[in-house]
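K.L.:
The structure's right below; bear with me while I get my questions together.
The values are calculated or read from the model by the stated rules, or taken from the named source; none is laboratory data. Quick caveat: nothing in here was measured; it's all calculated off a predicted structure. Counting neighbours? That spans all protein chains shown, and the Cβs are built from the backbone with ideal geometry, glycine included. Side chains are part of the model used for accessible areas, which takes the heavy atoms of the whole protein and leaves out ligands, DNA and RNA. Shrake-Rupley method; radii C 1.70, N 1.55, O 1.52, S 1.80 Å.
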Amino acid sequence: MMALAGSAMGYRFVALDPATDAPAGQVASQIVADYGDFAAARELAGRAEIITYEFENVDAGVAAMLMAESYVPQGSELLYTTQHRLREKRAIEAAGVRVAPYAEIRSLDELREAVRRFGLPCVLKTATGGYDGKGQWVIRDEAEIARAYESLSAAGTELVLEQFIKFDKELSVIAARSPQGEIKAFPVAENIHVDNILHLSIVPARVPAETLKEAERLATRIAEGLKAVGLIAVELFWSASDGLYVNELAPRPHNSGHYTMEACRTSQFEQHVRAVCNLPLGDTALLTPVVMVNVLGEHVAPLVDHLADRDRAAQAERLNVAPKLHLYGKSEAIHKRKMGHVNVLASDTEAALAWISETNIWRV
């Protein structure tokens, strides 16, 4: 999606990806190699004037090498920071933004003590790796402590325990910063997860106006404090009684920012290209209410059939919504794997949510 947006701006792309039929390789040249392959990275450096990453599991050492041999506007320091939950939390705090109370866990005894301090439930996570709920364990009972420690410590990385935040909404803000220091934030998304996988992003988020302003302000502060270049996604918990906490960061285009493709004057993908190329950042204004719904492997066939049916299309006309389907070109539709998304443009988000419900495809 970044290559498609950048190609319209006149740029050409080459991608490094271990998959032989990678989505980016379908619209750009491709080097097939692992992300930690130094020789392949050097080939990439020889073929590209600007190098960007949009995936955290890039080897930080490879990114550092590329900085010496090419131009990597994002740098390797932010990647190094956000690949490790403890480093990330400390960096967020250094930027003057609060995170949920946490503790580094180096032994079972330390875990027991921290659980007593934070209370139950609380969340044990691996410091590195993990996404869509992997690499974490919600401890709800003292009997789970030893099992949680044994399970996650097997990964061989540091562990971090977080106090469980009783939030009312999960939110996210995508901010962009250019090398010259210009920063712009996209409208706040309200996110709903199912089985620890993002299901819906609702924009405008259904929270008070002052919360929207504060979330954008925090994202801007983090982008500036961490000297991010390109996009940085800031995931937050919001409690009506206790305000905002930052949960995690992602220094790249983000699933919860896919709604920008049709709903904003500038998409997150175009904005990332603009930022890393040091162009003036685009207008982030929201043009229409929108709900982004993720398409997992089990949704692809019924969704395509639904959108091809003229009688069912009348449902969209009745609700005055415009569903925009984006499939990613992944080789196999695997259950629970993200295969695409639909941006449902509407006069209001309730109409978009009604369309998603009435399709009966996303049964949750």
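K.L.:
I'm trying to understand the selection: among the residues of region 229-259, which are crowded, with 24+ Cβ neighbours inside 10 Å and either without any contact (Cβ under 8 Å) to a residue 24 or more places away in the chain or out of contact with any Asp or Glu (no Cβ under 9 Å at 6 or more places or on another chain) (or both)?
P.N.:
Passing the criteria: Val229, Ile232, Gly257, His258, Tyr259.
K.L.:
Still on this structure: Looking at Leu86 and the list (1) farther than 24 Å from Ala228 by Cα; (2) touching a residue at least 40 places away in the same chain (Cβ under 8 Å); (3) hydrophobic (A, V, I, L, M, F, W, C); (4) open to solvent by less than 20 Å² (accessible area, probe 1.4 Å), which single condition is not satisfied?
P.N.:
All conditions are met except number (1).
K.L.:
Counting only residues that are among the polar types (S, T, N, Q) and free of Cβ contacts under 8 Å to residues at least 24 places away in the same chain, which one in region 149-170 is surrounded by the most Cβ atoms within 10 Å (Cβ to Cβ)?
P.N.:
Applying the first criterion (among the polar types (S, T, N, Q)) to region 149-170 yields 151, 153, 157, 163.
When the remaining residues are screened for being free of Cβ contacts under 8 Å to residues at least 24 places away in the same chain, the result is 151, 153.
On the way: Ser151: 14, Ser153: 18.
Among them, the one singled out is Ser153.
K.L.:
While we're looking at this one, here's another question. Just to be sure I understand, how many residues within region 58-77 are open to solvent by 70 Å² or more (accessible area, probe 1.4 Å) and either of a type in the set (D, E, K, R) or in contact (Cβ under 8 Å) with a residue 40 or more places away in the chain (or both)?
P.N.:
If we filter region 58-77 for residues that are open to solvent by 70 Å² or more (accessible area, probe 1.4 Å), which is where we start, we get 67-69, 71, 77.
Right, trim to either of a type in the set (D, E, K, R) or in contact (Cβ under 8 Å) with a residue 40 or more places away in the chain (or both) and you get 69, 77.
Within region 58-77, residues that are open to solvent by 70 Å² or more (accessible area, probe 1.4 Å) and either of a type in the set (D, E, K, R) or in contact (Cβ under 8 Å) with a residue 40 or more places away in the chain (or both) number 2.
K.L.:
I've got another one for you. Can you pull out every residue in region 17-28 that is within 20 Å of the chain's Cα centre (by Cα) and free of Cβ contacts under 8 Å to residues at least 60 places away in the same chain?
P.N.:
Here is the first cut: in region 17-28, the ones within 20 Å of the chain's Cα centre (by Cα) are 17, 22-24.
Once the filter is applied, which keeps residues that are within 20 Å of the chain's Cα centre (by Cα) and free of Cβ contacts under 8 Å to residues at least 60 places away in the same chain, region 17-28 yields Asp17, Ala22, Ala24.
K.L.:
State whether one or more residues within region 116-126 are open to solvent by less than 30 Å² (accessible area, probe 1.4 Å), part of a loop (DSSP other than H, G, I, E, B) and farther than 21 Å from Glu235 by Cβ. Let's see the steps before the verdict.
P.N.:
If we filter region 116-126 for residues that are open to solvent by less than 30 Å² (accessible area, probe 1.4 Å), which is where we start, we get 119, 122-126.
Next cut, part of a loop (DSSP other than H, G, I, E, B) only: 119.
From what's left, farther than 21 Å from Glu235 by Cβ: 119.
There is at least one residue in region 116-126 that is open to solvent by less than 30 Å² (accessible area, probe 1.4 Å), part of a loop (DSSP other than H, G, I, E, B) and farther than 21 Å from Glu235 by Cβ.
K.L.:
Here's something else I'd like to know. Give the number of residues within region 1-36 that are touching a strand residue (DSSP E or B) at 6+ places or on another chain (Cβ under 6 Å) and open to solvent by 40 Å² or more (accessible area, probe 1.4 Å).
P.N.:
The total comes to 4.
K.L.:
Restricting attention to region 312-341, which residues are at pLDDT 95 or above, more than 21 Å from Asn196 (Cβ to Cβ) and charged (D, E, K, R)?
P.N.:
Hit for region 312-341 is Lys324, nothing else.
K.L.:
Looking at Val246, Val207, Val234, which one is β-branched (Val, Ile, Thr) and under 25 Å from Ile50 (Cα atoms)? Give the steps one after another, and end with the answer.
P.N.:
Details: Val246 fails: under 25 Å from Ile50 (Cα atoms); Val207 fails: under 25 Å from Ile50 (Cα atoms).
The unique qualifying residue is Val234.
K.L.:
Out of Ala205, Ala146, I need the residue that is closer than 22 Å to Ser239 by Cβ and either open to solvent by less than 60 Å² (accessible area, probe 1.4 Å) or under 16 Å from the mean Cα position of the chain (by Cα) (or both). Which one?
P.N.:
Working: Ala146 fails: closer than 22 Å to Ser239 by Cβ.
One residue alone meets the criteria, Ala205.
K.L.:
Can Glu224 be described as surrounded by fewer than 17 Cβ atoms within 10 Å (Cβ to Cβ) and either out of contact with any His (no Cβ under 8 Å at 6 or more places or on another chain) or outside any helix (DSSP H, G or I) (or both)?
P.N.:
Details: surrounded by fewer than 17 Cβ atoms within 10 Å (Cβ to Cβ): yes; either out of contact with any His (no Cβ under 8 Å at 6 or more places or on another chain) or outside any helix (DSSP H, G or I) (or both): yes.
Yes; evaluated as a whole, the condition is true for this residue.
K.L.:
Looking at (1) part of a strand (DSSP E or B); (2) farther than 21 Å from Ala24 by Cα, can you tell me which one Asn294 breaks?
P.N.:
(2)
K.L.:
Then there is this: Among the listed residues Leu345, Leu287, Leu319, which satisfies the condition of being open to solvent by 20 Å² or more (accessible area, probe 1.4 Å), aliphatic (A, V, I, L, M) and touching a Phe, Trp or Tyr at 6+ places or on another chain (Cβ under 8 Å)?
P.N.:
Values: Leu345 fails: touching a Phe, Trp or Tyr at 6+ places or on another chain (Cβ under 8 Å); Leu287 fails: touching a Phe, Trp or Tyr at 6+ places or on another chain (Cβ under 8 Å).
Criteria check complete, one pass: Leu319.
K.L.:
For Trp137, work out the one condition from (1) farther than 25 Å from Asn278 by Cβ; (2) outside any helix (DSSP H, G or I); (3) in contact (Cβ under 8 Å) with a residue 24 or more places away in the chain it doesn't fulfil.
P.N.:
With respect to (1) farther than 25 Å from Asn278 by Cβ; (2) outside any helix (DSSP H, G or I); (3) in contact (Cβ under 8 Å) with a residue 24 or more places away in the chain, Trp137 is out only on (3).
K.L.:
How about region 177-194: which of its residues are in contact with a Ser or Thr (Cβ under 8 Å, 6 or more places away or on another chain) and open to solvent by less than 10 Å² (accessible area, probe 1.4 Å)?
P.N.:
Residues satisfying the conditions are Phe186, Val188, Ala189, Glu190.
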